[in-house]
1. Provide the packing ranking of 519-531, 160-172, i.e. peptides ordered by the mean count of other C-beta atoms within 10 Å per residue, highest first.
2. Within 11 Å, Cβ to Cβ, of SER122, how many net charges do the neighbouring residues add up to if Lys/Arg are +1 and Asp/Glu are -1?
3. Per residue of the chain, what 222 nm ellipticity follows from adding -39500 (n - 2.57) for every DSSP H run with n ≥ 4, rounded to the nearest 500?
4. Using θ = phi - 60° and the Karplus curve 6.51 cos²θ - 1.76 cosθ + 1.60, what whole-Hz ³J(HN,Hα) does each residue of region 422-436 get, with Gly and Pro shown as x?
5. Determine, from the Cβ-Cβ distance of GLN466 and GLN192 and an R0 of 60 Å, the FRET efficiency 1/(1 + (r/R0)^6), rounded to the nearest 0.05.
6. May I ask for the distance between the Cα centers of region 252-281 and region 439-510, given as a whole number of Å?
7. For region 372-381, what does the Karplus curve 6.51 cos²θ - 1.76 cosθ + 1.60, with θ = phi - 60°, yield as ³J(HN,Hα) per residue in whole Hz, taken in order and with x for Gly and Pro?
8. Report Rg (one decimal) and Dmax (nearest whole number) for region 354-454, counting Cα atoms only, units Å.
Amino acid sequence: MKEVIVMNWSYPPDKNCLYPPANPYNQLNYYPTQYPPYMYRTPQQQNPGFHQFKPIKPSSQDQLIVPRGYQYDIVATWGEDLGTGERFGFNNDFTCYFGNNPNEGILWVNHEYIGNLAIYVSGYRGEGPRTPEQIRIEKYNVGGSVIHIKKDSKGKWGIVKGSQYNRRITANTPIALTGPARGNAAVGGATQVTGTLANCSGGKTLWNTAMSGEENYMDMVEDWSTAENKLNPAHYGWIVEIDPLDPKSTPKKHTSLGRFSHENAVMTVGKSGRLVVYSGDDANDQCVYKFISDGVFRRDAGKQNSRLLEKGTLYVVDLGNLKWVPLDRDKTPALTEKFKTQADVLVNTRDAAKLANGTPLDRPEDIEIHPKDGSVYIALTNNLDHGNYYGQIVRLVEDDNNSESTSFEYEVFAAGGPQSGFACPDNMAFDSQGNLWVTTDISSSKLNEGPYKYFGNNGFFMFPTQGSNRGKAFQFASAPVEAELTGPWFGPGEQTLFLSVQHPGEETKDPNNPTSRWPTGNIPRPSVVAISRK
């Protein structure tokens, strides 16, 4: 496969950096008024079954808009009673469905952060330190929810109140550490830590548990630390494993997978049977990583396979040399000089990646694996520091189509911009036909203005990965005002698409005059929806 690099028109990148065109339309003082994707209908042969739809146009309405012939139910909304003394958390993000029944199952949902909408959650208005009660409320509202969901007699999804499965994982939940950093001085000697937070996207393990990525934990660690209870930053920034099907299980943070702003984690098995986990560090000029286990996956071992995540090698991508570099102090001399133990390497993954010549990228967010050919798709959201306003999706093909390989080729699958009709790709999911579904993450403060004024609100797009429309964006959904659509997950048989509507009305300053009133016409409430055909 020929390597394709889209050059940056306004910023001369380092030879290892991959940037799409900066904003040529700004330089030329010209914007196209129509975008090719809206001129197409999705061909049935490329988009069969549930996914036949007429693409919608961008919208700035305060509604969740889906194509004609589709509908949505609100499955769970912030503050909803679970019937167990617990309530559904705030700013739902990643969703993951468990079970083979298309009408009833268990849903894991991440709750990422509080942010500007603390005015509704805890009453904090952004001035001075938070009170102990405000901290308590905010810590409860992040982490994740396990909810038992079911369709009612009218076919609408909802929570099974009082189910034994319904529970919350919060910033106060005891969580075990595994791997090299467990009990090490690099984490203050801890073998167990308090809570998970900044839970952005995630993935599902091959043994049917959930993985949740701790992303932008830094602000929360600072905001919630007090003289009496100071949070240790080294306890956050990990991949957390949760078993939604075992209410008595203790979540685990796997330190072998590295510590950084994890967007998600996606898992596969290499040709020799070893586990491979890919993850991106969602920040400007940060890197993409993969972990390869020492041991071999055995399906009959069930949840005992979780131990494979405790021993292995973490690699960082080097696009300039088309290789994966081991972040192992015994294999990479630059790390031997800097770090005393492998635990130090993993706790300080970003520093180790730079020393190992990892390629700085444009906010690597979601990573997903194509279900038919095993190629790896990476969403690079944007990098305003380098004039990359629109982001791109990169496709990486491991040598010999083996995820355990340490060399690869890559191409730009799709570049965002007015010419392509989408901007700032974020969360992704594949359907069974190999179509790529992508949410967008234009900052709430920048929506509908400047270089983003032609995209409307954030959206949800389908990209064929083969055929004449390969790499073209077809818009399926538009978010309410200042919201972001996150966590797409197809249920069994692809009869239902679960999707989070996160932070509607995020720029609200006056709690009595919110910028969004979705979904009920009152204050904005993040919610999980289930989309289906009418």
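1. Details: 519-531: 20.8, 160-172: 18.2.
The most tightly packed comes first, giving 519-531, 160-172.
2. Numbers: positive: ARG125, ARG130, ARG136, LYS139; negative: GLU133, GLU138, ASP223.
Summing Lys and Arg as +1 and Asp and Glu as -1 gives +1.
3. On the way: 7 runs with 43 residues, N = 534.
One gets -2000 deg cm²/dmol as the mean residue ellipticity at 222 nm.
4. Along region 422-436, the couplings run 9, 8, 6, x, 9, 6, 9, 7, 9, 8, 5, 8, x, 6, 9 Hz.
5. Values: r = 47 Å, r/R0 = 0.78.
Rounded to the nearest 0.05, the efficiency is 0.80.
6. 25
7. For region 372-381, the Karplus-derived couplings read 9, 10, x, 6, 10, 9, 10, 8, 10, 5 Hz, x marking Gly and Pro.
8. That works out to 14.7, 45 Å for Rg and Dmax.
Since every read-out is calculated from the coordinates, none of them should be taken as a lab result. As the structure is a computational prediction, the values presented were derived from the model and not from experiment. Virtual Cβ from ideal backbone geometry, glycine too; neighbours counted across all protein chains shown.
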